[in-house]
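Presented below is the structure to which this report refers.
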Amino acid sequence: MKSFGQSGGYNDIFIPAMRKLSPSYEEFYKNLLKSNEVLKERYPNVK
């Protein structure tokens, strides 16, 4: 799935467009980034 997102334009085109079009998706995306930071701090050795 990760390679699809990178090669298919999903991460570079679709996600930014979705963030602009949907305020609720923008909020979800920001919360997802915050959650990711917390997980990286708690589990620094997991990749």
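The values are calculated or read from the model by the stated rules, or taken from the named source; none is laboratory data. Everything numeric in this text was worked out from a predicted model, so none of it was measured. Glycine also receives a Cβ, built like all others from the backbone with ideal geometry; neighbour counts cover every protein chain displayed.
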Task: Members of region 15-35 that are exposed (fewer than 13 other Cβ atoms within 10 Å of the Cβ) and more than 11 Å from the chain's Cα centre (by Cα) - done: Ala17, Lys20, Leu21, Ser22, Pro23, Ser24, Glu27
Open item on the list: Go through (1) surrounded by 11 or more Cβ atoms within 10 Å (Cβ to Cβ); (2) at pLDDT 95 or above for Val38 and report which single condition fails.
Closed with: (1)
